[in-house]
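Quick notes on the structure that follows.
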Amino acid sequence: MLKSNEKKFSFAVSVYMVELYNDQLLDLFDKSHSSKLDIKKDKKGMVVIQNAVIKDVKDVEGLQSVFALGSKNRHVASPKMNAESSRSHLVIGIVIETTYLTTGAVLRGKLSLVDLAGSERAAKTGATPEQLKEAQSINKSLSALGDVIQALSSEANFIPYRNNKLTMLMQDSLGGNAKTLMFVNISPADYNMDETVVSLTYASRVKLITNDASKNADNKEIARLKGIISKMKKGESLDEDDEL
């Protein structure tokens, strides 16, 4: 799609990849986890991760490469119910910035890919003490997400996004200016029927959320001024075209 419109627009695509593990937000592009990550929102309401490593990509192969890089650093384990069980929630943010070549107007959008770790019952998993701690954190965050979905679907006046880091991360994926799709992996085994019913009930509430989508657009002058501010913050010299 980007290549078919390159005569009308220019595109910039960037990616961040983080996991929420034991209530800690970790950058999957930074093995050392040397920087403290903070969840913020910009003026348009888009969630941004301060201090996260951002990877610029040019094509599908580039996306696949950074996905593979980050996936290597994700926490996984092998309890009885799953040979490769995610021990964290994964959030991938793909930010696409589109510039109209004729007018200079800039549009920004984000595709968030969220892989939620499944809720677990300790009696079935045979988990170790460390895995039990992980499961408690997972279940706590999924409960908080359920509260947010319930509040959104009932059009409540207060939405408890700040009750958990997971819901803070997903704030722009659920309410306001967002379109949300949820896919549920379920087990075909009778033994897991209770978990299957709970998962389907959980997901069915997402269908009740209604949002009003709108464009995140800046005109040419606003985009120019933002570019100047960005350069000044980085200590870079300004070009002649950047003079105020």
Most packed first (mean Cβ within 10 Å per residue), the peptides 176-184, 201-209 order as 201-209, 176-184
What length, rounded to one decimal in nm, is gained on full extension from LEU181 through to SER237, with 0.36 nm per residue of separation minus their alpha-carbon distance? 15.8 nm
Taking the Cβ of MET17 as the center, what net charge do the other residues with Cβ under 12 Å away carry, scoring Lys and Arg +1 and Asp and Glu -1? -1
For the pair GLN50 and GLU155, what calculated FRET efficiency results from E = 1/(1 + (r/R0)^6), where r is the Cβ-Cβ distance and R0 = 30 Å, to the nearest 0.05? 0.45
Quick one: net charge around ASN73, please, counting Lys, Arg +1 and Asp, Glu -1 for every other residue with C-beta under 11 Å from its C-beta. 0
Can you give the FRET efficiency to the nearest 0.05 for LYS41 and SER71, using r as the Cβ-Cβ distance and R₀ = 35 Å? 0.85
Expressed as a percent, the accessible surface of segment 166-205 that is carbon or sulfur, using a 1.4 Å probe and the full set of protein chains, is 62 percent
Set LYS72/LYS207; LYS36/LYS179; LYS43/LYS165, cut-off 22 Å on Cα-Cα distance; pairs above it are LYS72/LYS207; LYS36/LYS179
Share of accessible surface on carbon and sulfur in segment 15-65, whole %, 1.4 Å probe and ligands ignored, is 46 percent
For the residue pair ILE228 and VAL206, what label-to-label distance in nm results when each label sits 7 Å from Cα along the Cα-to-beta-carbon direction? 4.3 nm
What is the sum of charges, Lys and Arg at +1 and Asp and Glu at -1, for the other residues whose Cβ falls under 9 Å from the Cβ of SER153? +1
Highest mean first, what order results for 55-61, 167-173 on Cβ atoms within 10 Å? 167-173, 55-61
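The values are calculated or read from the model by the stated rules, or taken from the named source; none is laboratory data. The structure displayed is predicted, hence computed values, not measured ones. Quick reminder, even Gly has a Cβ in these numbers, built from the backbone with ideal geometry, and neighbours come from all protein chains shown. To get the accessible areas, we keep the full protein, side chains included, count just its heavy atoms, and leave off ligands, DNA and RNA. Shrake-Rupley method; radii C 1.70, N 1.55, O 1.52, S 1.80 Å.
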